1. Of the residues Asp252, Asp267, Asp188, Asp231, only one is away from the ligand (no atom under 16 Å from the Cβ) and at pLDDT below 95; which?
2. Residues to consider are Ile29, Ile8, Ile22, Ile78; find the one that is open to solvent by 40 Å² or more (accessible area, probe 1.4 Å) and under 29 Å from the mean Cα position of the chain (by Cα).
3. Hey, does segment 179-189 have a residue that's open to solvent by less than 10 Å² (accessible area, probe 1.4 Å), of a type outside the set (Val, Ile, Thr) and assigned to a helix (DSSP H, G or I)?
4. Looking at Ala235 and the list (1) surrounded by 18 or more Cβ atoms within 10 Å (Cβ to Cβ); (2) aliphatic (A, V, I, L, M); (3) within 25 Å of Thr100 (Cβ to Cβ), which single condition is not satisfied?
5. Quick check on this structure: which one of Ala257, Ala207 is part of a helix (DSSP H, G or I), within 19 Å of the chain's Cα centre (by Cα) and more than 16 Å from the ligand (Cβ to nearest atom)?
6. Restricting to segment 206-224, name every residue that is under 29 Å from Leu346 (Cβ atoms) and touching a Gly at 6+ places or on another chain (Cβ under 7 Å).
7. Look through Ala164, Ala127 and report the one residue that is touching a Lys or Arg at 6+ places or on another chain (Cβ under 6 Å), within 16 Å of the ligand (Cβ to nearest atom) and over 20 Å from Gly246 (Cβ atoms).
8. Check Leu255 against each of (1) surrounded by 23 or more Cβ atoms within 10 Å (Cβ to Cβ); (2) under 21 Å from Thr341 (Cα atoms) and name the one condition it does not meet.
Amino acid sequence: MREFRIGIAGLGTVAQGVLGIIAKNGSEIAHRSGVELVVGRIASRSAKPEVDLLGAEFSTNLDDLLQDESLDVLLELIGGEDVAHDFIRKALDLGRPVVTANKAVVAAHGDQLFGANQPVSLRFEAAVAGAIPVIQAIRESLVANRFEHVVGIINGTCNYILTAMRDEGRSFEDALSTAQELGYAEADPTFDVGGIDAAHKLTILLALAFDASFDFSSVHVEGITGITAEDISYADELGYRIKHVGIARRTDKGLEARAHPALIPEDQLLANVNGVLNAVLVKTDAAGNTLFSGPGAGSWATGSAVLADVVATCQEPDAGVRQNSRSDVQRPAILPVEETTCAHYLRIPTRDEPGVFASVAETLSNHGISIEAAIQKQPATTQDIVSIVIVTQPVLESEAAAAVREVEQLDQVVGQVARIRIETL
Ligand code: HSE
């Protein structure tokens, strides 16, 4: 048994989870792993007298952590991008092992942080899917495999909102405000509902599973703000659930990398992952399909992943050199979203006039798009407007987008067409 001193940057939700778990399970961690954790120092913008710091020194200066050479591991739990990145960079340059939960920093700066000359380890299990050990699974447990796809529900806020919209028939705004009241969504929910948080996580999964660069800009991003209760109800009727998914997939043309809402057939596992839960479906050549599911956020759930990294770092402080070194790797090309192929759900608001369905069908047909299923109903509220809902057969994204633009120009079409991709896994 050896004592290790940790220093924590930040005193928010995740840091408090780490402290709570050490207070409760510290002796068990030591007994199991031989690593006795002592919280030596904490630095954060503001003090929180209500939080038990477990005897750690406290200051508001991050440099105090960097200068305290008695600390064996530094935990970056500040969040945000610039200050956190600066702290991690300085710590690594000083030769200090770091554990972070920061997906934005890893997604934007991973290539530099894990460069060939990286002197010490930087671990980041908590950055993707909270408590779920998916980073370890991809990097270690499935190391013998060639990855075919990694597809996940990786934003708990979106999943909570879409589940509440379906189960309780609520609008997006209403479900979002409940998510905020329950602490599932931030006061500023833009990163979550805009798909950016999921795209950060997908960037990391892409890099690990497919040796892609940590290049957030290569991921196609859409959020859930345009999803209506009407779409959820039509999707149900057609046998699908709407989920926000991150998709990394190897194809003959290149790697697909996209984070957006999608209709998933209701009998598939991912369609039934509800509420704030996350799930990641991994398909590889040797192991086949594996599914990882669990809480993707929350103080203790994320703290659990952080502490797994802390213990691993204490046991093998320089393992990151081997595991993270990313030089001499042939980077696969990311396929522009326009060149991907998907079936689509289209909801087309039209005037209730003879011939309108035929005009829509003809326009789609002119773009080589076949119709798989269609529904037309008259909503009770707007008597002169009907929604034509169409499920297409798989079609090239650029062709689907062009067809929708043309449909929107038809005289009888009275607003924007809702277009949501369909993913069959
Ligand atoms: N805000 C994230 C989510 C959790 O809702 O999944 C932290 O990544």
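The values are calculated or read from the model by the stated rules, or taken from the named source; none is laboratory data. Keep in mind it's a predicted model, so treat the numbers as computed, not measured. Cβ atoms come from the backbone with ideal geometry, glycine included; neighbour counts cover every protein chain shown. Areas reflect the complete protein model, heavy atoms only, side chains present, ligands, DNA and RNA absent. Shrake-Rupley method; radii C 1.70, N 1.55, O 1.52, S 1.80 Å.
1. Details: Asp267 fails: at pLDDT below 95; Asp188 fails: away from the ligand (no atom under 16 Å from the Cβ); Asp231 fails: at pLDDT below 95.
On inspection, the qualifying residue turns out to be Asp252.
2. Numbers: Ile29 fails: open to solvent by 40 Å² or more (accessible area, probe 1.4 Å); Ile8 fails: open to solvent by 40 Å² or more (accessible area, probe 1.4 Å); Ile22 fails: open to solvent by 40 Å² or more (accessible area, probe 1.4 Å).
Answer to the check: Ile78.
3. Taking every residue of segment 179-189 in turn, at least one turns out to be open to solvent by less than 10 Å² (accessible area, probe 1.4 Å), of a type outside the set (Val, Ile, Thr) and assigned to a helix (DSSP H, G or I).
4. Failing condition for Ala235: (3).
5. On the way: Ala257 fails: part of a helix (DSSP H, G or I).
Criteria check complete, one pass: Ala207.
6. Those that are under 29 Å from Leu346 (Cβ atoms) and touching a Gly at 6+ places or on another chain (Cβ under 7 Å): Val221, Glu222, Gly223.
7. Numbers: Ala127 fails: over 20 Å from Gly246 (Cβ atoms).
None of the other options fit; the residue is Ala164.
8. Just one mismatch for Leu255, condition (1).
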